[in-house]
1. Residues of segment 30-59 being closer than 30 Å to P137 by Cβ, of a type in the set (V, I, T) and touching a strand residue (DSSP E or B) at 6+ places or on another chain (Cβ under 6 Å), which ones?
2. If a residue has to be of a type in the set (V, I, T), more than 30 Å from H101 (Cβ to Cβ) and not in a loop (DSSP other than H, G, I, E, B) to count, how many in segment 120-174 make the cut?
3. Could you tell me which residue of segment 58-76 is nearest to F47 (Cα to Cα), considering only residues that are of a type in the set (A, V, I, L, M, F, W, C) and in contact (Cβ under 8 Å) with a residue 40 or more places away in the chain?
4. Among the candidates L79, L109, single out the residue that is assigned to a helix (DSSP H, G or I) and either closer than 28 Å to K19 by Cβ or over 15 Å from the mean Cα position of the chain (by Cα) (or both).
5. Across segment 78-126, which residue is surrounded by the most Cβ atoms within 10 Å (Cβ to Cβ) among those that are charged (D, E, K, R), touching a helix residue (DSSP H, G or I) at 6+ places or on another chain (Cβ under 9 Å) and over 30 Å from I5 (Cβ atoms)?
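Values in this text are rule-based calculations from the coordinates and carry no lab data. No experiment lies behind these values; they were computed from the predicted model shown. Glycine also receives a Cβ, built like all others from the backbone with ideal geometry; neighbour counts cover every protein chain displayed.
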Amino acid sequence: MEQLIRKIKGMVHLKAYRKQRDDLYFITVEKAQLEMILSHLKKNEGFTHLAFLQAVDFIEDSRFQLTYMLYNYETGVNLGVLVLIDRDKPEMNSIHKLWAHGWQYQRELHELYGIDFPGSPRVHESFVLEGWEEMPPMRRDFDTLEYSERTFFQRPGRSTNDPKEYMKEKMYKNYAASPRIRRDDE
C-alpha cells in the first residue's frame, strides 16, 4: 500500500493519508482531483468495488466531507477517499459513470444533506422522503425537536419510569406471592 500512496502523491496533491488497520486506509484529496483519482484507482489499481459513499457535516468549518469507500478484491484492502466540499453551495461531480450504482448514493446524499451531483440520474427525485419540503434532515442545523413539536400531535400521559422498578411492578409483582413449583428431584 505504501507504494500506491507514493504513486498517488506523484499524481496529485495528497492532503492527508492515514493507515487505520492493515486492510483499511484513508486518503484526502482536492475536490478537483477526485474524479481522476477514483478513475485511476478503479482502472489501474484494482479498487473495482464502491462499497459506499457517505457524508459528514462539519458545520463549524462550513464543509461537508464525502467519503468514497473502495474495495480491492485481490488484496482485501479498503481505501477511503475523502474530499471536502463547501457547505454553502455543496456540489460534487457524479461518479455514476465509474460505478453504475453510485447514482443511488448520490441521490440519497442529495435528499438528506442537500448535496448536488450535476448530471447524476434522478438525483432530484425523492428517494426516501417523498414530498419533503424542509431543510435536508441530516444537516446538523436541522432542528429535530422543533420539527417534531410542529409536525406531530403531542399525546398526553407519557411518563418516564425507572426500568428496574417498572419491571418489578409490571412483570414480577406476583412472583414472591406465588407458590413455588417443586421439581421431582428436590
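1. V56
2. 1
3. It comes out as L66.
4. L109 is the lone residue from the list that is assigned to a helix (DSSP H, G or I) and either closer than 28 Å to K19 by Cβ or over 15 Å from the mean Cα position of the chain (by Cα) (or both).
5. D116
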